[in-house]
Amino acid sequence: MAHPDKPLPYIGPDTAKFWAAAREHRLSLPVCETCHRAHWPPGPVCPFCFGDGLTWRDMSGRGTITTFTIVHRDWYPALMVNGPYNVIQVELEEGPRLTANLVDPPPGGPRIGMAVEVIFDDVTPEVTLPRFRPRQAGERNG
C-alpha cells in the first residue's frame, strides 16, 4: 500500500528512459557524447561538460559502497519499513555514484568498500530508486 504523503516518482522526458529500463529490471543511465561520462539524475545537459548530446546505455549496476547511514522510521516517518533503512552511496564500476537502499545487509550491516549490485522490484509508487544488495563473495565482475 502506498504511503499517502509519498509522491509518485517523477516520470518526465528526462527520466522516462530510466523508468522504462527499471520496469525491465535493468539499470540504464545517460552518457554524454562529448565527455563520455555517465550521470544521474538525467537532465537536458551533462553536469560535467554542459554538452547537450546524451545517449542512454545499460550499466552493469555493480559497484562498491562509498558512504552509508542507517536511518530509522522513528527519525523519518515517511519510510515504508519498520526496521533500520540502510541509505548507501555506491560508486558504480561503470557510471556515476548512486544513492539507494541496501537490502539484505550482512550481519554487522553495511561497510565501506562492500561490493554490491543493483536490484529492481516491480516499479510501483513505493519504489522510487534502484536498490542494492551485497554481492556474493564468489561473484565475478562483468
- Query: Quick one: in the range 110-127, which of the residues that are of a type in the set (Val, Ile, Thr) and at pLDDT 65 or above is farthest from residue 22 (Cα to Cα)?
  - Reply: 112
- Item | Options 130, 107: the member that is modelled with pLDDT of 70 or more, out of contact with any Ser or Thr (no Cβ under 8 Å at 6 or more places or on another chain), loosely packed, with under 12 Cβ neighbours inside 10 Å and in the same structural domain as residue 71 (by TED's automatic domain parsing) | 107
- Message: Please go through the range 13-34 and give me each residue that is closer than 22 Å to residue 90 by Cβ, out of contact with any Leu (no Cβ under 8 Å at 6 or more places or on another chain), surrounded by 13 or more Cβ atoms within 10 Å (Cβ to Cβ) and not acidic (Asp, Glu), ordered by number.
- Response: 15, 17, 19, 20, 22, 25, 26, 27, 28, 29
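The values are calculated or read from the model by the stated rules, or taken from the named source; none is laboratory data. The structure presented is a predicted model; accordingly, all values stated were derived computationally and were not measured. No Cβ is skipped: glycine too gets one built from the backbone with ideal geometry, and neighbour counts run over all protein chains shown.
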